[in-house]
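Notes follow once the structure below has been shown.
The values are calculated or read from the model by the stated rules, or taken from the named source; none is laboratory data. In this text, all values refer to a predicted model and were calculated from it rather than measured experimentally. So basically every Cβ, Gly included, is an ideal-geometry build from the backbone, and we count neighbours across all protein chains shown.
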There are 2 protein chains.
Amino acid sequence: MTSTAPPAPTSTAADAADSKVSYVDVAIIGAGPAGCMALDVLSRYADQGLTVRCFDKRSAKLDNGQADGLNSRTLEIFENLGFIEKVQKEGSPMSEINFWNPDPATGRLTRTAKIPDTIPGLSRFQQTILHQTRVETHLLDDAKLHTKGRFSPERSMLPETLDLDEASANDPDAYPITLTVRHLSEEQSNPSAFKGETNGTRSGLFRSSLLSAAEEEKLYDTEGSAVVETVKAKYLVGCDGAHSWTRRQLGIRMIGDQTNRVWGVLDMVPLTNFPDIRMRCAVHSANSGSVMVIPQPEGLVRLYIQLPIQVKQGEYLDRSQITPESIMSTARKILHPYTLETDHIEWYTGYHIGQRMTESFGRANRIFLAGDACHTHSPKAGQGMNTSMQDTWNLCWKLASVLTGSAKPDLLRTYATEREVVAKTLIDFDTKFSKLFSGKPAAEADVEKDGVDLKEFKDVFATSHYFSAGMSISYGESSVASAQSKQQLAPKLVVGQRFFSAQVVSQASATADQLTTRTPFTGAWRVFVFPGDVSRTAEMERLRKLSAYLDSPESVVSKYTPSSRKRWDIIDVVTIHCAERTAVELYDFPQPSIFHPHKYDSVFVDGPSHYHGDGKAYEAYGISKEEGAIVVVRPDQYVALIAGLGDTDVLDAFFGEFMLPAPDGGYPASKVRTVAPPDWSQVAHQEIAKTLAVPEFDAA
Amino acid sequence: MTSTAPPAPTSTAADAADSKVSYVDVAIIGAGPAGCMALDVLSRYADQGLTVRCFDKRSAKLDNGQADGLNSRTLEIFENLGFIEKVQKEGSPMSEINFWNPDPATGRLTRTAKIPDTIPGLSRFQQTILHQTRVETHLLDDAKLHTKGRFSPERSMLPETLDLDEASANDPDAYPITLTVRHLSEEQSNPSAFKGETNGTRSGLFRSSLLSAAEEEKLYDTEGSAVVETVKAKYLVGCDGAHSWTRRQLGIRMIGDQTNRVWGVLDMVPLTNFPDIRMRCAVHSANSGSVMVIPQPEGLVRLYIQLPIQVKQGEYLDRSQITPESIMSTARKILHPYTLETDHIEWYTGYHIGQRMTESFGRANRIFLAGDACHTHSPKAGQGMNTSMQDTWNLCWKLASVLTGSAKPDLLRTYATEREVVAKTLIDFDTKFSKLFSGKPAAEADVEKDGVDLKEFKDVFATSHYFSAGMSISYGESSVASAQSKQQLAPKLVVGQRFFSAQVVSQASATADQLTTRTPFTGAWRVFVFPGDVSRTAEMERLRKLSAYLDSPESVVSKYTPSSRKRWDIIDVVTIHCAERTAVELYDFPQPSIFHPHKYDSVFVDGPSHYHGDGKAYEAYGISKEEGAIVVVRPDQYVALIAGLGDTDVLDAFFGEFMLPAPDGGYPASKVRTVAPPDWSQVAHQEIAKTLAVPEFDAA
Ligand SMILES: Cc1cc2nc3c(=O)[nH]c(=O)nc-3n(C[C@H](O)[C@H](O)[C@H](O)COP(=O)(O)OP(=O)(O)OC[C@H]3O[C@@H](n4cnc5c(N)ncnc54)[C@H](O)[C@@H]3O)c2cc1C
Ligand SMILES: Cc1cc2nc3c(=O)[nH]c(=O)nc-3n(C[C@H](O)[C@H](O)[C@H](O)COP(=O)(O)OP(=O)(O)OC[C@H]3O[C@@H](n4cnc5c(N)ncnc54)[C@H](O)[C@@H]3O)c2cc1C
């Protein structure tokens, strides 16, 4: 993955003298969920020469514990990336949340409510539990797959200095970032503190918020590790977690509160008569505290438990108080009279509850912070890993578009504007959610004081579905979430929100499939054309007009696509009509911008299928079959623009704002080898032959 | 994979003198679809010490061409084996068959009918196109996964002699088979004739039926390959294809006819205006012959075309007449006026149509033939690869059951009785199907003579769905398809036919899933218990009675399961009740035979789910909610026995006929650590605390 880029214009004589200087488009610090997602997204541009290096100070990736909840939106992204089936196969889907509370009369533990894990219909994907280590592995495997193994984190690499030459930040050819990195030995990058394992139980205490940045730093002894490498980068993404070194180098502060509530987490194989041990449960006991139960794959169960431990403000905890035994014994008290035994505890840790957010998401549009480096909160709402991956999911297609020359650098400003709001909402949500969880059940009258209204608790859970599933994200107006949209043409697809799937039928193969499955992440923008019933002359005429525009050398497709790429690589036009499938033929569709020969995933039908019913896509999106619509979807699957079928000027203006024309003059439609419809005029009347051309054997 | 088994009692002094003698439970000859499936099924028993070796004379596995059609039943088996999602991801599902015929008035090509590829609802899986090489790879990857890489074909190994000591065939400890194998060099096992590749087009002519066994044998020059190894085996499976060496060693003949019809097959990337190029099509032209179109993954399309070439009876064809150009030019004539161009032809071959079947499926219950070694026919019905894999799917769990000591050797006789009927049906079907395809369209009046009635053609296609999808297989009565069944208790699950899936909801997790997904192949028998509405006392009582039997030391579970295994490894009891899910608790179910703690896939509900509607399993199977039923399903997913809930004597008799008690005395229920229901009598009234146990920070 080392770049062989020529010395950048900004390189100085001093650089040149140093033999260990390398040049790279993007440097990533940290290979947690945010860093792995960054690497995976960028891997899709490796064939265009994009160079990336990712450094992690640890010698090996996580092997258990940490985050385990994947929300519906993350699963949609994994579908987009093309490996959802692996995650579904390994993960445990969550189906139901069960609430257990003390009976008001007797104080005895009773199941007071059951609700679906998320609102049915919110997403095609049920939220799923899978350990962070497996999630990271799938992302990294995918990045390797797309780069023949070249994009992979470099471990045992501790960054030492970070410099940004702000003067050259506006020069697109500059490498304004200088990073030095120290190669650690296996021993140094795997501090003995991490290896704590007793009877097969691994401790996660040294990766938790109970450790200060300074304490963590001290673990990495760099003595004797002489090799220090200089890396010159165009961009840098700091994915180095809550104690982010990158953030501290930039002098950016975290803002927010830390409570003194201490929680323990433990993954184990239970033997219990608690009947909901394979459900997500929120259990509030009468006076022994509360536990959250999360069933994991392979028979494991995670417990989150508030521990009877105090920390003084500004101080760090004596971590030795947190042991698997202390967590288990508290759990037993809460679950009484249900029994809870175990022969195997896999992992445990402890953490503070605190909600903090960074002042800024980066510097000079060249260095960006992502993931826990910008926002930390309690893990119980299961949002950290999801939000972290979604940060770099948002950032990296933008980075790649700029680096490959198809978008203006200003596009990168939308990263902070879009993700800051998400982080803020998350912090607010978590503050509320954690407080409810940490509190104790209280009779209604006492709620005002300091108890928790259990009805409110359940309601917050239920109404927060939208948020927790990752569905409430709505990016504000910007160059890539257009205010020029005619929202009324597709009222259920909201500009700034994620594009959701509907079932469609392939015109070419009659196969029913999800539209999102057929339009995976490729880095391309998707222009979904809904032309209506094209078996009617007017509708087909309207589509031909649009196609004439798209085929013209001035269209956004022709202009922004370099002729060295496939014509659908930058802007991919996908048509979903609602005529009877059999009332039109593939060659009725205008070529090549609407139907590109060899690209059968160009034309789909909203209608009935042989095996999977009718997807009713127009209805699902609220698109009128008469009026139709054009829906422009970003590479990260958020709706960017809704326009009318005739609004080619709107398309021009939209893409013109942030795109750059292909330097080679673009890819005119005339360069595509198309196919003429069959010529029936040349066909004479044919006699149907009465004998076989090839004689049969004589059976005798 | 080399066995380190002690010299078998039958080994002679001569054997002992030979240093290259190894002992193995099963030797497999040939690693085509049949051999790969055999290896995969047997791999699941490797942890019980089963040893297997598989020899293939070729140096490498197939890299393109050959079979490409997976029928629904095969896909169900892949689901059972646990890798269906990989096959679905790579393969092209088939959705519709289109018929193109000459218009009776003008002779012009017209689309005359469209039908779904198979009857919707026949199976959960749509038939799928995926190259044989990918199918073999998935089977072998799976076998490796289950054996840490140990079970894998040994290539460049040419068997030389085969001896069967029939005298010791009845001794379970004997190794009555002696096989000698020659190690070939890379050069020798990859004859130059195979390497024919012109402009990226590979020829499959040397793997086709156009080559005689003698011609093929001549290709393998063994000169100088000194190393000859002796392998002593308990069993041998000949999966060595149409020219089976194993079959010839045993002197078993193939019986049947060969026609003089010659077909060409070609895989290519088309550029065409034929609108159905991504559909399965049967195109009969007026007087240029017929073509079958099969869309493949990755933009490839396969054409099957009858060539205007004759062969004299008893002679082999001059293969040089078959070229990609001759196939393409014939295709163009048939499809006229639609155009057909290509820049890339991937592979082509030719074949005779002939239907032949072996006289016998093996010898002495020790050597078995499977796949093309027992039956050959035309490829167009897409049955060869499917039937070949299904042969060893039927055989190998039986072999493993005998070898691991859980079944009597007589069980193996059911292989031939069951699969002979399948082969016979296939041969008959193919005779009819190929004739229809090879003939020419004819006016109704002329059909009698030698034409093809196109209506009949379409009807055969439509009515053969059941057969082609692999759904019509119905094994006759035997020890493992019991005549004692009360078929009326589950009329839609037919004894001898494949068990089909229904959606159920997990009692433990509320997750809806397919019953077959939750009961993958493990080598275990499945006893599906349908106890009815267990929230009613009588029904729960009935279940408790059954469970008391199953828990007893005399039950089939206790008796046939060695105590070294999991208690559900030999006979896995799975309960599907139809009470409201919330009306019963997990610990209401009797332990451990009905609900085994830690095994959450024991108890399911037929009822509504949060995200996937209601599976209505009782209705799907025709089981009465009052009467209930027990359905015993074989390891290969065929229904073996249907009994009443009280018919424990029938269960005893059924398993008693072919099973052998565990030598260690079995696995009594008393050895299982169970969990008592919660003891509410010990729970006192609890005050709900009004203050928090852990004080909050003072915000000031
Ligand atoms: C117990 C627990 C349960 C959780 N449960 C969930 C959940 O269910 N769902 C959910 O979405 N989130 C959950 N989270 C939160 C989640 O783990 C984090 O939000 C997520 O890991 C953040 O991802 P990241 O990539 O930003 O940072 P991290 O995962 O912290 O990764 C940072 C990486 O950077 C590396 N690094 C750090 N400093 C340096 C440096 N100086 N140089 C080089 N490399 C460096 C580290 O080695 C690490 O690999 C949970 C967290 C915990 C502790
Ligand atoms: C053009 C074409 C299309 C087809 N399409 C379909 C289809 O769509 N669907 C379908 O189901 N079937 C189809 N078939 C049929 C299918 O390919 C065969 O039925 C299937 O491959 C048979 O599997 P097998 O394992 O029994 O034998 P094979 O696939 O022939 O495998 C035999 C193996 O044994 C090895 N071998 C042979 N002799 C020896 C020896 N002496 N020693 C050691 N090894 C030996 C060979 O190297 C080979 O690897 C098609 C066949 C052709 C030619």
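Every residue, every condition in (1) over 24 Å from residue A:609 (Cα atoms); (2) among the hydrophobic types (A, V, I, L, M, F, W, C); (3) within 13 Å of ligand 2 (Cβ to nearest atom); (4) surrounded by 23 or more Cβ atoms within 10 Å (Cβ to Cβ), yes or no:
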position: B:43; (1), (2), (3), (4): yes, no, no, yes
position: B:49; (1), (2), (3), (4): yes, no, no, no
position: B:56; (1), (2), (3), (4): yes, no, yes, yes
position: B:70; (1), (2), (3), (4): no, yes, yes, yes
position: B:75; (1), (2), (3), (4): no, yes, yes, yes
position: B:106; (1), (2), (3), (4): yes, no, no, no
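Considering A:150, A:134, the condition of being more than 23 Å from residue A:217 (Cα to Cα), in a loop (DSSP other than H, G, I, E, B) and at pLDDT 95 or above is satisfied by A:150 alone. Going by the conditions given, is residue B:320 free of Cβ contacts under 8 Å to residues at least 40 places away in the same chain and either within 16 Å of ligand 1 (Cβ to nearest atom) or among the small types (Gly, Ala, Ser) (or both)? When the stated conditions are applied, residue B:320 passes them. For the stretch B:118-133, the candidate set comprises residues that are surrounded by 18 or more Cβ atoms within 10 Å (Cβ to Cβ) and away from ligand 2 (no atom under 13 Å from the Cβ); within that set, the residue that is nearest to the other protein chains (Cβ to nearest Cβ) is B:126. If you go through the stretch B:72-101 and keep only what is hydroxyl-bearing (Ser, Thr, Tyr) and within 9 Å of chain A (Cβ to nearest Cβ), you end up with B:92, B:95.
Based on this model, can you work out whether residue A:202 counts as touching a Leu at 6+ places or on another chain (Cβ under 9 Å) and either within 11 Å of ligand 1 (Cβ to nearest atom) or modelled with pLDDT of 75 or more (or both)? Here the answer is no, as residue A:202 does not meet what is asked. Filtered by the rule that a residue be surrounded by 19 or more Cβ atoms within 10 Å (Cβ to Cβ) and free of Cβ contacts under 8 Å to residues at least 40 places away in the same chain, the stretch A:82-103 gives a lone residue, A:93. Scanning the stretch A:545-566 for residues that are surrounded by fewer than 23 Cβ atoms within 10 Å (Cβ to Cβ) and assigned to a loop (DSSP other than H, G, I, E, B) yields a count of 8. Check the stretch B:90-99 and report whether any residue there is hydrophobic (A, V, I, L, M, F, W, C) and away from ligand 2 (no atom under 16 Å from the Cβ). The answer is yes, given that some residue of the stretch B:90-99 is hydrophobic (A, V, I, L, M, F, W, C) and away from ligand 2 (no atom under 16 Å from the Cβ). So, of the residues in the stretch B:567-578 that are without any contact (Cβ under 8 Å) to a residue 60 or more places away in the chain and closer than 24 Å to residue B:657 by Cβ, which turns out to be surrounded by the fewest Cβ atoms within 10 Å (Cβ to Cβ)? Among them, the one singled out is B:569.
Residues of the stretch B:281-304 that are at pLDDT below 95, more than 9 Å from every other protein chain (Cβ to nearest Cβ) and either over 29 Å from the mean Cα position of the chain (by Cα) or crowded, with 24+ Cβ neighbours inside 10 Å (or both): B:283, B:284, B:290, B:291.
Each row is one residue, and each column tells you yes or no for (1) in contact with a helix residue (DSSP H, G or I) (Cβ under 8 Å, 6 or more places away or on another chain); (2) more than 14 Å from every other protein chain (Cβ to nearest Cβ); (3) within 13 Å of ligand 1 (Cβ to nearest atom); (4) not in a strand (DSSP E or B).
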{"site": "A:216", "(1), (2), (3), (4)": "yes, yes, yes, yes"}
{"site": "A:222", "(1), (2), (3), (4)": "no, yes, yes, yes"}
{"site": "A:230", "(1), (2), (3), (4)": "yes, yes, no, no"}
{"site": "A:236", "(1), (2), (3), (4)": "yes, yes, yes, no"}
{"site": "A:246", "(1), (2), (3), (4)": "yes, yes, yes, yes"}
{"site": "A:255", "(1), (2), (3), (4)": "no, yes, no, no"}
{"site": "A:258", "(1), (2), (3), (4)": "no, no, no, no"}
{"site": "A:262", "(1), (2), (3), (4)": "no, no, yes, no"}
{"site": "A:265", "(1), (2), (3), (4)": "yes, yes, yes, no"}
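When you look at residue A:138, is it within 16 Å of ligand 1 (Cβ to nearest atom) and within 14 Å of chain B (Cβ to nearest Cβ), yes or no?
When the stated conditions are applied, residue A:138 passes them.
Does residue B:365 qualify as being of a type in the set (S, T, N, Q), on the phi > 0 side of the Ramachandran plot and at pLDDT 90 or above? It is true that residue B:365 is of a type in the set (S, T, N, Q), on the phi > 0 side of the Ramachandran plot and at pLDDT 90 or above. If you go through the stretch B:104-117 and pick out every residue that is more than 9 Å from chain A (Cβ to nearest Cβ) and without any contact (Cβ under 8 Å) to a residue 40 or more places away in the chain, you end up with 1.
If you filter the stretch B:332-384 down to residues that are more than 11 Å from ligand 2 (Cβ to nearest atom), touching a residue at least 24 places away in the same chain (Cβ under 8 Å) and basic (Lys, Arg), you find that the one that is surrounded by the fewest Cβ atoms within 10 Å (Cβ to Cβ) is B:333. Say whether the condition of being closer than 21 Å to residue A:130 by Cβ and either without any contact (Cβ under 8 Å) to a residue 40 or more places away in the chain or not assigned by TED's automatic domain parsing to the domain that holds residue A:132 (or both) is met by at least one residue in the stretch A:305-314. So far as the stretch A:305-314 goes, no, none of its residues is closer than 21 Å to residue A:130 by Cβ and either without any contact (Cβ under 8 Å) to a residue 40 or more places away in the chain or not assigned by TED's automatic domain parsing to the domain that holds residue A:132 (or both). Take the conditions (1) away from ligand 2 (no atom under 13 Å from the Cβ); (2) out of contact with any Leu (no Cβ under 8 Å at 6 or more places or on another chain); (3) modelled with pLDDT under 80; residue B:276 misses just one of them, which is (3).
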